[in-house]
Amino acid sequence: MFSEKHGNILHGILLIALFSCAAFYLADTQPARSLSFSPLILGILLGMLYANSLRNHLPETWVPGILFCSKQLLRAGIVLYGFRLTFQSVAAIGIDAAVVAGTLLLGVLLGRALKMDRDLALLTSTGSAICGAAAVLGAEPVVKAAPHKTAVAVSTVVIFGTVSMFLYPALWRAGILGLTPEQMGLYTGATLHEVAHVVGAGNAMGAEIADGAVIVKMIRVMMLAPVLLVMSLLLARRTKGGAGRAKVTIPWFAFGFLAVIGFNSLDLLPEAAVAGINSFDTFLLTMAMTALGAETSIEKFKRAGAKPFLLAGLLYLWLLGGGYLLSRWIL
């Protein structure tokens, strides 16, 4: 029999699904397409709009459904994200590994220097290092951060990734960088935050650059799983008060992510089926982002302060400069 508890959870899920449908609709408009704003980004914005307006007028019993979207649906979305990737493409893994490792290490060190909240610094660094919002979402279950910290981290990578999407084509057209099309594709894929930003910037510079940039970016996304595994082990070594033994949080969804990539590499499913799965996965991730936004009020943003954006800005400068030098050196 359908219990009242399950009914309340369903109300919260349906609310988030409604906002997610609106995010998909808005993402298909010309302004959103011109800015390469994906449904995920618009979803978190709609969720934050809800958190700062209607949230106080709706039953608190709906909250479990919202939390279900930000936890369980998030893990399912990350696993299915593997259908976008295959193991066949292994080129440029060197620069991707250097960018990911360098960004994470620098982010942790800068976070300590700025005396930032550890969880927020780690989420921001992960988003900058790998694949923007999707990486922040993947790290959230491992770091176990509060929803508003996840939303703040996502906001930082969206802002600087969007800036890059317009900056890179401008620098390319002006001839300032002095890179070949192959080097520019490598630079773009290895340093821009979101997959959507890479696609947008690459297409603005031509197909030759866009194709290489997307391949490099996809390899970078594949590094999400090993990074989450290492992150889980390192976080488990931290103990409270220096006593006792910390519990290891194994991100099983990361193994699922790798398993799906392996299955997709076998090319057993028709393209139409994979496209359908990817569309469904995008909707799941949009629901997760919307749910996270729904737990983020302006007051929580104020409490986070300017340090997360300062950290993201410093990491952005590293990506611009360090990625440029690596691109010139490798090719």
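The values are calculated or read from the model by the stated rules, or taken from the named source; none is laboratory data. These figures come from a predicted structure and were not determined experimentally. Glycine gets a Cβ as well: all are built from the backbone with ideal geometry, and neighbour counts include every protein chain shown. Accessible surface is based on the protein model in full, side chains and every heavy atom, while ligands, DNA and RNA are left aside. Shrake-Rupley method; radii C 1.70, N 1.55, O 1.52, S 1.80 Å.
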Run the quick spin-label model on T29 and L234: label points 7 Å from Cα toward the beta carbon, then report their separation in nm to one decimal.
-> 4.1
Spin-label model distance (nm) - T86 vs I298, 7 Å beyond Cα toward Cβ | 4.9
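How do the peptides 62-71, 193-202, 169-178 rank, highest first, by the average count of neighbouring beta carbon atoms within 10 Å per residue?
On the way: 62-71: 20.8, 193-202: 25.8, 169-178: 12.9.
For the peptides 62-71, 193-202, 169-178, the packing ranking is 193-202, 62-71, 169-178.
What's the local net charge at M222, with K and R +1, D and E -1, over the other residues with C-beta under 14 Å away?
Working: positive: R84, K217, R220; negative: D96.
Counting the neighbours of M222, the net charge comes to +2.
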Helix 93-113 sits at what angle to the longest principal axis of the chain, using alpha carbons and giving 0 to 90 degrees rounded to 10?
-> 60
Share of accessible surface on carbon and sulfur in the chain, whole %, 1.4 Å probe and ligands ignored, is 69
Label-to-label distance, nm, for residues given as L269 and A97 (7 Å Cα→Cβ offset) | 2.9
For the range 102-175, the charge dipole (Cβ of Lys, Arg +1; Cβ of Asp, Glu -1; about the Cα centre) points to a positive end, and the Cα of G102, V136, T162 closest to that extreme belongs to G102
Can you tell me the 0 to 90 degree angle between the C-alpha axis of helix 207-222 and the longest principal axis of the chain, rounded to 10?
-> 50
How much mean residue ellipticity at 222 nm does the chain get from its helices, if each DSSP H run of length 4 or more adds -39500 (n - 2.57) and you divide by all residues, to the nearest 500 deg cm²/dmol?
-> -25000 deg cm²/dmol
For the chain, accessible area per residue (1.4 Å probe, heavy atoms of protein chains only), Å² = 45
In the chain, what is the count of Lys pairs whose alpha carbons are under 26 Å apart, counting only pairs at least 8 residues apart or on separate chains?
-> 29
Please determine, in degrees from 0 to 90 and to the nearest 10, the orientation of helix 118-129 with respect to the longest principal axis defined by the Cα atoms of the chain, where the helix direction is its Cα long axis.
-> 40
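Roughly how many debye, to the nearest 20, is the charge dipole of the chain about its Cα centre, given +1 on each Lys and Arg Cβ, -1 on each Asp and Glu Cβ, and no other charges?
Working: 24 positive and 16 negative charges, 277 e Å.
For the chain, the charge dipole is close to 1320 debye.
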